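Everything below concerns the one structure shown next.
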Amino acid sequence: MEDVSKLQAALGGLCPRCRQGKIFKKPFYSPKGFDEMYEHCPHCGLRYEVEPGYFIGAMYVSYGISGGVALVLGFLLFYLGHDPEGWIYAAAIIPVMILIAPINFRISRVIWLHYVAGIQYVKGL
């Protein structure tokens, strides 16, 4: 099997240790269960949540992503909409934040596992 890069594994939602097993059980667009994770990697058995509250740090990643998206939308509204009233900012940004919530949830956990947690890739697992 061809090696998967760290970026490919992160984009695919794959285990950071073996880069083959899935992290989430269902696709992000499923109405129920977008947040359901495997407790252990189905391929190599890595326990994803090493301790209780392990993913609290991923909330900071999620906050950064949400803030960045809101900031970009705010700048776009400011420059393209010629600085509209405050309610227009809220009416445009809040629905986007709600729509990207499932994606943001998953991305933040994947980033936490791959780039912050310090889990090393083991070739050949």
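Points worth noting:
- Among the residues making up the range 21-53, a single one is surrounded by 12 or more Cβ atoms within 10 Å (Cβ to Cβ), farther than 13 Å from R109 by Cα and touching a strand residue (DSSP E or B) at 6+ places or on another chain (Cβ under 6 Å): H40.
- Tallying residues that are closer than 14 Å to A10 by Cβ and either assigned to a loop (DSSP other than H, G, I, E, B) or of a type outside the set (A, V, I, L, M, F, W, C) (or both) within the range 103-125 yields 8.
- L46, sole failed condition from (1) closer than 19 Å to I103 by Cβ; (2) touching a Lys or Arg at 6+ places or on another chain (Cβ under 8 Å); (3) aliphatic (A, V, I, L, M): (1)
- Filter result (part of a loop (DSSP other than H, G, I, E, B) and among the polar types (S, T, N, Q)) within the range 1-59: S5, Q20, S30
- Checked against (1) surrounded by 17 or more Cβ atoms within 10 Å (Cβ to Cβ); (2) part of a loop (DSSP other than H, G, I, E, B); (3) touching a Leu at 6+ places or on another chain (Cβ under 9 Å), P84 meets all criteria but (1).
- Residues located in the range 13-72, provided they are within 16 Å of the chain's Cα centre (by Cα), more than 30 Å from I88 (Cβ to Cβ) and polar (S, T, N, Q): S30
- Scan of the range 76-100 for residues that are more than 25 Å from the chain's Cα centre (by Cα), at pLDDT 95 or above and under 30 Å from Y29 (Cβ atoms), ordered by number: L77, L80, W87, I88
- Scan of the range 87-125 for residues that are aromatic (F, W, Y) and surrounded by fewer than 10 Cβ atoms within 10 Å (Cβ to Cβ), ordered by number: W87
The values are calculated or read from the model by the stated rules, or taken from the named source; none is laboratory data. Small disclaimer: the values here were computed from a predicted structure and weren't measured. A quick note on method: Cβ atoms are made from the backbone with ideal geometry, for glycine too, and the neighbour counts reach across all protein chains shown.
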